[in-house]
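Written below as structure tokens is the structure these notes are about.
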Amino acid sequence: MEKITGLVLLIIGAGVFLYLLPFFAPVFGFNVDNFSGTADSSVSGQIFILNNGSSENETAVWHSSLMPDIFEIQNSPYNNSVLYAATSRGIFISRDNGKNWYAWSDLERKIDGASVYKIVFDKSFFGRAFIAAFKNNRGYVYETEDNLFSLNQIFDVQNERVYAIEFFHNNQPGNGQNILIGLSDGRILSYSPETKEFRPFAHFESDIYGIKAANSHLYITTKSNGIFVRAGGSDKFESLASGDILGQSLKSVAVEEKTGSPLYAASLADAFSSFNQGFSWNGIQTVLASRDSIDSIFLSPLKELYLASGIKLYRSRDNGQSWQMYFSLDEKSKRKISAVYFGENGKIIIGTKE
């Protein structure tokens, strides 16, 4: 009888260990790469590490034969040395602050081969995150409560992509913090993690490329209709198409999250700045040649402004009045800069795509 009891306790203990493993493996750096199912084939050229502007920059090691486009890089809210890359071939993870990267897969391999556009972590709920993905001509949103180890599909749609998801509190008592889901058909849905309910939130006549909450304001970036803002306490969106930005097809927005100012936007050929949360705009003079286009605009926690153009990254420390070429890929590179992550102590991690 005692042997049977001991065996039962051992099985229970093993089950508890396996259940808790996904919570703590990424946090404490345990190696769980076997769950990726991807053979190790180390390459370089996907991600680069800039150490506080030093000329001794590093090229990260990419432990995979896959060479995906990198859409976004961000850190775990539970351990700053753990980084995640959302890519055209699923999620990749680094446990050493960007030096080494491995493919990551959930237990049921739901995101294997999927284009993952966005990952957002719930900082008030340990282990919870939401993932926007596209696979087999369907857009998906997944929810996890165990650090991406197991995924629960909460939304899917045929022939549409989910490019943007964001936490948003609408400042009304009892409504809590919801997830906003931006679709390529122009719809934005609101999802409550507590009640598991979806509600229509807004609709725009263009793909939703970005959703950003900053200082009680909500900024929506569309593919062809510019930027819209909803001020805190309001239930209406206002177009920010005025001044120098009027008539521009914007593709990238950067905002200071705590105050909502400054706010920057970029189209294919031009960049713009606003210092009143987007209600008036001025053009920014860049150093790009007329043949070069702007791919993305970024704002660091130090309020330094960055422009990505092809293989080059430019920096301005005076709100765009002057620029310097900060980093460049090899001139023969077939890739271009697509993502920029600002880490601690001035470290910058750069992702690329074809």
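The values are calculated or read from the model by the stated rules, or taken from the named source; none is laboratory data. Source: prediction; values computed, not measured. Methodologically, a virtual Cβ is constructed for each residue, glycine included, from the backbone with ideal geometry; neighbour enumeration extends over all protein chains shown.
Please determine whether any residue of the range 103-123 is at pLDDT 95 or above, of a type in the set (G, A, S) and out of contact with any helix residue (DSSP H, G or I) (no Cβ under 6 Å at 6 or more places or on another chain).
yes
Here are some conditions: (1) in a loop (DSSP other than H, G, I, E, B); (2) at pLDDT 95 or above; (3) closer than 23 Å to Y264 by Cα. S206 meets all but one. Which one does it not meet?
Only one criterion in (1) in a loop (DSSP other than H, G, I, E, B); (2) at pLDDT 95 or above; (3) closer than 23 Å to Y264 by Cα is unmet by S206, namely (2).
Of all residues in the range 211-234, how many are assigned to a strand (DSSP E or B) and without any contact (Cβ under 8 Å) to a residue 60 or more places away in the chain? Before you say what the answer is, go through the steps one by one.
First pass over the range 211-234, keeping only residues assigned to a strand (DSSP E or B): 211-214, 217-222, 227-230.
So of that shortlist, the ones also without any contact (Cβ under 8 Å) to a residue 60 or more places away in the chain come out as 211-214, 218-222, 227-230.
Total satisfying the criteria: 13.
In this structure, is K353 surrounded by fewer than 19 Cβ atoms within 10 Å (Cβ to Cβ), free of Cβ contacts under 8 Å to residues at least 24 places away in the same chain and closer than 20 Å to A60 by Cβ? Before the answer, list the steps.
Working: surrounded by fewer than 19 Cβ atoms within 10 Å (Cβ to Cβ): yes; free of Cβ contacts under 8 Å to residues at least 24 places away in the same chain: no; closer than 20 Å to A60 by Cβ: yes.
No: the conditions fail for K353.
Being surrounded by fewer than 22 Cβ atoms within 10 Å (Cβ to Cβ), in contact (Cβ under 8 Å) with a residue 60 or more places away in the chain and farther than 16 Å from V162 by Cα: is that true of N100 here?
In short, no.
When you scan the range 114-124, do you find a residue that is under 24 Å from K212 (Cα atoms), in contact (Cβ under 8 Å) with a residue 24 or more places away in the chain and more than 16 Å from the chain's Cα centre (by Cα), even just one? So that I can check it myself, show each step before the final result.
Narrowing the range 114-124 to residues under 24 Å from K212 (Cα atoms): 114-124.
In the following step, the residues that additionally are in contact (Cβ under 8 Å) with a residue 24 or more places away in the chain were identified as 114-124.
If we keep only those that are more than 16 Å from the chain's Cα centre (by Cα) as well, we get 124.
Yes, the conditions are met somewhere in the range 114-124.
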